[in-house]
Structures are given as structure tokens and as C-alpha cells.
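Peer 1: Here it is, the structure, as C-alpha cells.
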Amino acid sequence: MAPFAAVVETGSFTQAATRLSITKAVVSQQITNLEQEVKATLLTRSTRSETPTEAGREFCLRCRHIIKEAEDAFNLLSQSTEIPTSTLRIAAPLDYGATILTSVVTAFRRAYPSCRLALKRGDHINDLFAEDLDLAIRVGWLSDSSLQARKIGKFQQLLVGSTAYVDSLGLLNRPDDVLEKAEFVANLALTDPLTWTFTRASNETAKVRFESGLMLDTSAALIKALKADAGLFVLPDYSVCDALKAGELKVVLPDWTLRAGGIYVVYPPARLRPAKVTKFVEMLVETEKRHRI
């Protein structure tokens, strides 16, 4: 079942073999044996990919649950030794995954080579149950759910632009000055990317609705556009930390702040966490503490 599920998830015998640390020939033989045992064709083979048949898709859904149950059983046993094993499945937002999580995944794999990792990056909300995820990273403000959550850090939203572009705007004292003088780049991934409320130490607030002639859908694209002097936009500090330190980007209106958000690890409900989860979260918390402006 494990080789079959790996082929369905990767679409390739070769990639499945790499994931499971076995040879392609072994994967192929396992699939052949499985099809003979269930007396059904589970995969449609082509020169480019392996696609599950309708029967294969249904069978794979059941396989994933059985494999997950088996892994959980072994994980509970491994808690006594505190050695992470099996596969740790994680989901995270694109920008947080790129700036923070990728380095943690690499360090974790180096520290615990007997544990495999599968990292899904995307700006949609993953279904931990349907996707058999062990944990997910969520940033911002959590809505009520049946999931268990742990806050591991926080981030500040920053209005930023390229250093050259910000300097060209001259003196900006208030959010209204930005509205009058600057181009604003919108993030289509946000529910309302144009309305922002600024606050400063005197508890003065200013709510501004920007206009935008350029709309992009990922933080990575936004950062590239800002570095190319496209305008200004609001981004979380973890996604622009390196660019600010390098002098490529600059904060606008440093005396004004925007709403801060939280960084959370969310898990499916469970009484005990396997070592692979607890050790990874410990490593992530330490990295999160160090990676602040």
C-alpha cells in the first residue's frame, strides 16, 4: 500500500522510489503484486506519468488512512526513545515556508535522518484530516475550529518599498501622504488588500483605502515588484527581513504601526504527539525566536 500511495501522490515510480528510499524496480513489483492481489487495475501507465484509475483513487483514499494509522502506532512506540521516525507531513504558507520553514526542514532532516518530511507550501487553508497532515503553520488570526493550536510567535505588518522608491517620495508623515504620493501594489490573496488601519503611539489611528494599478497573488511576486520600484505594499516582517537588512527594501511610516498577527502550529486533536511532531515544533520555536528583525 505504501508504494502505491507514494506513486499516486508523486505521479511517478521514480519519485515514489526516491521518497521511500527503495529502487524503482521494487516499487513496480509491489504495484504489480498489489494489482494481482486485488484483481483490479489501479494505475494507468504512460511514458510521462502514472495516473490512478477510478478504482485506484478510491483504494488510495483508504490506503492513506491505513498507512497513517500504522505510522501513528509506531510513533507512539517511538515516544519512549524520543527518536522521530516515519514521515512528517507539514503544510505552510508560501512565504513563511520559503523564509523560515525550509531551513528548519533541512536541519530537522539532518538531525533525524530516520524521519522523512513532506512539506506542502500554499496560501490556501489545508484540510489536515483529508490530507493526512501531522501539522500546519498558519499565520494571521485563527478562526474557531476543532483543531488544536499553539502560538509559537508573532509578526508585524510593515509598509515597505524599494529604498530608491521610498527615498524618491520625500517626507511622509501620515498615511494620507502615502495615498497622495505613492503607487500601491495589491495582494489578490487577501480578502481586502486595499484597506489598512495605521496606529501610532499617541493612539491616533488613520484608516486608508488605497488604489492599485498592479495586483499580484503571492508574496514572492510582490517582493520582486517592490524591488523593481513598482510601489509600496504591506508585508509581514518575516517575508522582508532579509531584504530590509540588505538595504533593498525600506519601511515607510516607521512611527505608525499596523495590526500584528500570530504564527501558529495547528494539529489534529490527539492526546499524545509523536516524537516527530514534538521535536520538529521545538526546532521551529527556536528558529522563530532567532529570526526576528
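The values are calculated or read from the model by the stated rules, or taken from the named source; none is laboratory data. Every value quoted in this text rests on a predicted model; they were computed, and no experiment measured them. Please note: Cβ atoms are built from the backbone with ideal geometry, for glycine as well, and neighbour counts cover all protein chains shown. For the accessible areas, the whole protein counts, side chains as well, though only heavy atoms, and no ligand, DNA or RNA atoms are used. Shrake-Rupley method; radii C 1.70, N 1.55, O 1.52, S 1.80 Å.
Peer 1: With every protein chain left in place and a probe of 1.4 Å, what is the accessible surface of Asp176, to the nearest 10 Å²?
Peer 2: 70 Å²
Peer 1: Mind listing the long-range amide H neighbours of Leu158? Cut-off is under 5 Å, sequence gap 5 or more, other chains count too, H placed in the peptide plane at 1.01 Å from N.
Peer 2: Those lying under 5 Å, H to H, from Leu158 are Leu235, Asp237.
Peer 1: Could you please put Glu131, Glu288 in sequence from largest to smallest accessible area, using a 1.4 Å probe?
Peer 2: Glu131, Glu288
Peer 1: Let me ask another. At most 14 other Cβ atoms within 10 Å plus a DSSP loop assignment makes a site exposed; report the longest stretch of the chain without any exposed chymotrypsin sites (Phe, Trp or Tyr not before Pro).
Peer 2: Maximal segment without exposed cleavage sites: 142-293.
Peer 1: Turning to a different aspect of this structure: Put +1 on the Cβ of every Lys and Arg and -1 on every Asp and Glu Cβ in the chain; which of Val240, Trp196, Ser103 then has its Cα farthest towards the positive end of the dipole?
Peer 2: Ser103
Peer 1: If amide hydrogens are placed 1.01 Å from N in the peptide plane, which non-local residues have theirs closer than 5 Å to the one on Phe184?
Peer 2: Counting only residues 5 or more places away or on other chains, the set is Gly213, Leu232.
Peer 1: If each residue of separation counts as 0.36 nm, what is the full-extension length gain between Glu37 and Val251 once their alpha-carbon separation is subtracted?
Peer 2: 70.8 nm
Peer 1: Send over a whole-number figure in Å² for the accessible area per residue of the stretch 187-293, probe 1.4 Å.
Peer 2: Heavy-atom accessible area per residue stands at 51 Å².
Peer 1: Let me ask something else about it. Roughly speaking, what is the stretch gain from Leu190 to Asp127, that is 0.36 nm per residue apart minus the C-alpha to C-alpha distance, in nm to one decimal?
Peer 2: 20.8 nm
Peer 1: Same structure, new question: Listed highest first by mean packing, meaning other Cβ atoms within 10 Å per residue, what order do 240-253, 26-39 come in?
Peer 2: Result, highest mean Cβ count within 10 Å first: 240-253, 26-39.
Peer 1: Calculate how many DSSP beta bridges within the chain are antiparallel, expressed in % of all such bridges and rounded to the nearest 5.
Peer 2: 65 percent
Peer 1: Need one number: % antiparallel among DSSP beta bridges in the stretch 1-134, to the nearest 5.
Peer 2: Close to 30 percent.
Peer 1: May I ask you to evaluate 6.51 cos²θ - 1.76 cosθ + 1.60, the Karplus curve with θ = phi - 60°, for each residue of the stretch 211-221 and list the ³J(HN,Hα) values in order in whole Hz, giving x for glycine and proline?
Peer 2: Running phi through 6.51 cos²θ - 1.76 cosθ + 1.60 with θ = phi - 60° gives 10, 9, x, 9, 10, 10, 10, 9, 5, 4, 5 Hz.
Peer 1: Could I ask something else about it? Under a Cβ-Cβ cut-off of 12 Å, what is the net charge of the residues other than Thr14 that fall near it, where Lys and Arg count +1 and Asp and Glu count -1?
Peer 2: Computed value for this residue: +2.
Peer 1: Choose one answer from Leu158, Leu169, Leu117: the residue with the largest mean-square fluctuation in a GNM of the chain with alpha-carbon springs under 10 Å.
Peer 2: Of the options given, Leu169 has the highest mean-square fluctuation.
Peer 1: With a 1.4 Å probe and all protein chains left in place, how much of the accessible area of the stretch 168-262 comes from carbon and sulfur atoms, in whole percent?
Peer 2: Roughly 49 percent of what the probe reaches on the stretch 168-262 is carbon or sulfur.
Peer 1: Here is a follow-up. Select from Ala17, Ala275, Ala149 the residue whose mean-square fluctuation is largest in a Gaussian network model of the chain (Cα-Cα springs shorter than 10 Å).
Peer 2: Sorting by GNM fluctuation, first place goes to Ala17.
Peer 1: Expressed as an acute angle from 0 to 90° and rounded to the nearest 10, what is the orientation of the C-alpha long axis of helix 54-78 relative to the principal long axis of the chain?
Peer 2: The two axes meet at around 80 degrees.
Peer 1: Which value at 222 nm does the chain reach when only helices count, each DSSP H run of 4 or more adding -39,500 (n - 2.57), with the total divided by all residues and rounded to the nearest 500 deg cm²/dmol?
Peer 2: -12000 deg cm²/dmol
Peer 1: Another question, if that's okay. Could you do me a favour and compute the accessible area per residue for the stretch 1-136, 1.4 Å probe, result in Å²?
Peer 2: Dividing the accessible area of the stretch 1-136 by its residue count gives 55 Å².
Peer 1: Please work out the Cα center distance from the stretch 33-111 to the stretch 248-266, rounded to the nearest Å.
Peer 2: 35 Å
Peer 1: Determine the dipole magnitude for the chain: charges of +1 sit on the beta-carbon of Lys and Arg, -1 on that of Asp and Glu, nothing else is charged, the reference point is the Cα centre, and the result goes in debye to the nearest 20.
Peer 2: 800 debye
Peer 1: Sticking with this structure for a sec: For the stretch 1-132, which whole percent of the accessible surface, found with a 1.4 angstrom probe, sits on carbon and sulfur atoms?
Peer 2: Carbon and sulfur: 56 percent of the exposed surface of the stretch 1-132.
Peer 1: Give the cross-link partners of Lys120 among the aspartates and glutamates, using a straight C-alpha distance below 15 Å as the criterion and excluding same-chain residues fewer than 8 apart.
Peer 2: The qualifying aspartates and glutamates are Glu9, Asp95, Glu131, Asp132, Asp134.
Peer 1: What are the residues whose amide H is under 5 Å from the amide H of Ser12, where those residues sit 5 or more places off or on another chain and H is modelled from the backbone?
Peer 2: Glu50
Peer 1: Moving on. In the Gaussian network model of the chain, springs joining C-alpha atoms below 10 Å, which of Leu235, Leu20, Leu194 carries the largest mean-square fluctuation?
Peer 2: With Cα springs under 10 Å in the chain, the top fluctuation among Leu235, Leu20, Leu194 is at Leu20.
Peer 1: Taking θ as phi - 60°, what are the ³J(HN,Hα) couplings along the stretch 258-267 by the Karplus curve (6.51, -1.76, 1.60), each to the nearest whole Hz, with x for Gly and Pro?
Peer 2: 10, 4, 7, x, x, 10, 10, 9, 10, 10
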